[in-house]
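Worksheet: one structure, shown below.
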Amino acid sequence: MILQALTRHYEDLLGLGKISHPGWGSVRVSYALELSATGELLGLLSLQQVEEKGKKSIVSPREMIAPMPVKRTSSPVANFLYDNSSYLLGADAKGKPKLTQECFEKSKTLHLSLLQAAHSPAAQAVAAFFETWEPSGASSHPALVERWEELMKGANLIFWYQDAPVWEDAEVRELWQVHYSQADDQEPVRCLVTGELASPEAVHPAIKGVQGAQTSGAALVSFNAPAFWSYGHEYAPVGRYATFAYTTALNHLLADREHVRRIGDTTVVCWAEGGQSAYQDAGLSALYGDAITDMDLWSALDQLAEGKPVQWEETQLNPSTRFYVLGLAPNAARLSVRFFWQNSFGTLARNVAEHYRALEIIRPAYDHREILPLWLLLRETVNQKARDPSPSKQMAGEVLLAVLNGSQYPATLLHGVMLRIRAESTVTRGRAAILKAYYLRERNTRLPKEVLAVKLNSDSTYLPYVLGRLFSVLEALQESANPEITTTIKDRYFNAASATPAVVFPTLINLAQKHLHKLSIAQKIYYDKQLTELLQKIDELYPARLSLEDQGAFQLGYYHQTQQRYTKKEEQ
C-alpha cells in the first residue's frame, strides 16, 4: 500500500510539473568539465552557489536534474554524464589505483556504448574525451591544478559543451531515455505496484533525508542477501517504473523541509491525493499546532469534520480527499516504517479535533495556549533538566498514531506522566490534560466521567477526587499560615497522599488544626468552611491504598482545586 500510494503521488506531481520524468533525478554538482568539439578539456567551471545558513553564508553544490543516479553497492557502477573524479577523470585520493582504474573503465564503457555512434556534436565531444583522456596526466592538467585538492574530496562533476550540460542535447537525452527504459536480463514478473509484467529492479535507489539514517541514503526495500528473500524471490517483485516512481516521490517529500516533521526518532511526511501542498500545510498545522492561530485552527477542523470544504492558502480543501501520513525511522542501512496512515482529510480533521477536545482542561492565567500541540504534550513525560530531554522514541510514534486513528492513547504516555508527577510532585496543565484524555479514551476505566471534567466538579463525591481537592486546600491553608515557608506539604507528602491516603491524611488534618490557629478570624472561617465541606463528602475510612486510576483521579482533583483557588485570587 505504501509503494502504491507513493507511486500515485509521483504521477500527481508529474502532472503538476513538480517532479522529474522517469530516468531523471536530482543530483548535487560542484564543477563542470568544459569540452571542445574534439573532446579536449578546456576548463573547469564552478557550479557552486552561496547559501544562507543561519547567520553564515556557505558555498554548496548546485542541485540539478540529471540522468537517474545509480545506487552503488560494493562493485563500481558508473553514472551517465556526471560522477566524481574516480569515474570521469580516473583519479582520486583513495590510495587504491586498481579500483580507480576499474571505475574509470566502467564509465568509459558506458559512455562509449551510448554516444560513440551518435551524430550530435555534444555526444561526439564526450565520446572523444573518453577515447583520448589519460588519467595519469590528470593531476598536472592546467584546467584541474587549481581545484585539484577539492576534486579529490569527491566533488561531483558533469560534462559541459557550448554553455550547457551535455544532457540538454536532444539526441543525448533520447539515447539515455532508450537506455534507461530498455529491459534488462531479468525475467519479467507481475509488478506488485502497477499489476503489469515488468523486469524487477535488483537494487532500489536510496532514500535520503531521514534523520539518523546514513547521509548517503538508506533502503526502504532491499533484497540484497538470501536472508531477505521471500518465497524464492531474489528481488522484490517491483518493476523499474514503480521503483523509480516511489523512490522519487519519497525523496521529493523528504527534501521539502517545510513539510517534514520529527517526533522522537521518527521522520514524518504527509501528502494528499492530487499533489496539492495546501493539504500538507493544513495537516501539519493541525497535528503540530504551528503557523496558525488557535481560533483559525478550530474553525477549519470543525468545518472539515462536518464535511464542509475550507479555503486554505487560496486552495479549497475537500474533506473527502485522500490523505496519507508516513513515519520512517533509521535502522542501520535500511529504514523502518513506524506507521502508515491513510484516510480522508475530513477524518483527519475530526480525529485531531477530538484529540484536542479530550485534552481540554482549565489552564493557568499565564498559559495563553488554547491547544496543546504534540511536541509540548510529549515534553510532559520527560525531565527537562536531563542531558537528553527527549521523549521515548517508541511512545512518540504511538501517540501520533493514536491521534490519527482517534483511538486509545498508549499506556506508555500515562506511565511517563505518572513518573514525572511522582518525581516532581507537580501536576502541570499538560500532565492533568494527559490524565483526563487518557482515561476518557480508556475503555475499561472505573473512573466516573464526573472527575474527567474540564474544570472543578464541586458536586463529585468520588473519594480519590475529593481527597485530591482536600490536599490542595490543606496546602493553601499551610501557605496562608506560614507565608515564608519554602517546603510545603506538597513537597513532603504529595506522593504518599495520592498512593496511601490512610497513612498520610490523619497527620495532615492534625497539622491543619495547628495552622488554623495562626490565621485571622476571616481566614479561619474561609478555610474551615472549605475543609468542612470536603470532609462531609468523605463518608468512609481513608483508603489504605489507591490504584493507578484512582491516583489519577486524586491528581485531577488536586489540579482542579488548585486552579480554582488561583482563579479566585485573580478575581479578588
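The values are calculated or read from the model by the stated rules, or taken from the named source; none is laboratory data. Quick caveat: nothing in here was measured; it's all calculated off a predicted structure. Reconstructed Cβ throughout: ideal geometry from the backbone, glycine too, with neighbour counts over all protein chains shown. What goes into the accessible areas is simple: the full protein's heavy atoms, side chains included, and nothing from ligands, DNA or RNA. Shrake-Rupley method; radii C 1.70, N 1.55, O 1.52, S 1.80 Å.
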For segment 422-465 and segment 495-556, compute the distance between their C-alpha centroids and round to whole Å. 18 Å
What's the ranking of 86-92, 546-552, 61-67, 508-514 by average number of surrounding C-beta atoms within 10 Å, highest first? 86-92, 546-552, 61-67, 508-514
Could you work out the helix-only [θ] at 222 nm for the chain, with each DSSP H run of four or more residues adding -39,500 (n - 2.57) and the total divided by the number of residues, to the nearest 500 deg cm²/dmol? -14000 deg cm²/dmol
Scalar couplings 3J(HN,Hα) for segment 257-269 by Karplus 6.51 cos²θ - 1.76 cosθ + 1.60 (θ = phi - 60°), nearest whole Hz, x for Gly and Pro, are 5, 5, 10, 10, 10, 10, 9, x, 9, 9, 8, 10, 10
Positive dipole terminus of the chain, leading residue within 382, 285, 77 (C-beta point charges): 382
What angle do you read, to the nearest 10 degrees and between 0 and 90, between the alpha-carbon axis of helix 393-405 and the longest principal axis of the chain? 80 degrees
Taking the alpha-carbon centroid of each part, what is the distance from segment 239-268 to segment 110-133 in angstrom? 35 Å
On full extension of the chain, what length is gained from residue 28 through residue 131, given 0.36 nm per residue of separation minus the C-alpha to C-alpha distance? 34.4 nm
Zone of residue 306's modelled label, taken as backbone nitrogen in segment 336-367 under 12 Å from a point 7 Å along Cα→Cβ: none
Report, by chain and number, residues whose modeled amide H sits under 5 Å from the one on residue 312, excluding near sequence neighbours (fewer than 5 apart, same chain). 317
Between residue 338 and residues 5 or more places away or on another chain, the pairs with built amide H atoms under 5 Å apart involve 327, 328, 329
Using 0.36 nm per residue of separation minus the Cα-Cα distance, give me the extension gain between residue 316 and residue 194 in nm, one decimal. 40.9 nm
Here are labelled values, [x] 65, 25, 21; [y] 64, 39, 25; [z] 45, 30, 22, and one is the computed semi-axes √(5λ) of the Cα gyration tensor in Å for what I pasted. Which one? [x]
In whole Å, largest first, what are the principal axis extents of the Cα atoms in segment 375-475? 40, 32, 18
Return the distance in nm (one decimal) between the two label points of a simple spin-label model at residue 168 and residue 500, each offset 7 Å from Cα along Cα→Cβ. 8.0 nm
Each label sits 7 Å from Cα toward the beta-carbon; between residue 153 and residue 535 the label points are separated, in nm, by 7.7 nm
Starting at the first residue of segment 95-104, write each ³J(HN,Hα) from the Karplus equation 6.51 cos²θ - 1.76 cosθ + 1.60 with θ = phi - 60°, in whole Hz, x for Gly and Pro. x, 10, x, 5, 5, 5, 5, 5, 4, 5
Fraction of accessible area attributable to carbon and sulfur, the chain (%, probe 1.4 Å): 50 percent
Taking r as the C-beta separation of residue 526 and residue 415 and R0 as 35 Å, the FRET efficiency to the nearest 0.05 is 0.35
Per-residue ³J(HN,Hα) for segment 212-217, Karplus 6.51 cos²θ - 1.76 cosθ + 1.60, θ = phi - 60°, Hz, x for Gly and Pro: x, 7, 4, 5, 6, x
Counting only heavy atoms of protein chains, what accessible area per residue, in Å², does the chain have with a probe of 1.4 Å? 49 Å²
Once the whole set of protein chains is in place, how much accessible area is left on residue 29, using a 1.4 Å probe, in Å² to the nearest 10? 0 Å²
Write down the percent of antiparallel bridges among all DSSP beta bridges whose residues are both part of the chain, to the nearest 5. 90 percent
Centre separation in Å (Cα based) which lies between segment 277-341 and segment 1-75: 29 Å
Rough spin-label spacing in nm, given labels placed 7 Å along Cα→Cβ, for residue 102 and residue 59: 3.4 nm
What does the accessible area of residue 167 come to, in Å² to the nearest 10, when a probe of 1.4 Å is used? 10 Å²
Length gained, residue 299-residue 385, 0.36 nm per residue minus C-alpha separation, equals 27.3 nm
Mind ranking 489-498, 336-345 by how tightly packed they are, going by the mean number of other C-beta atoms within 10 angstrom, highest first? 489-498, 336-345
For the chain, with only Lys/Arg (+1) and Asp/Glu (-1) charged at the beta-carbon, what is the dipole magnitude about the Cα centre, in debye rounded to 20? 2620 debye
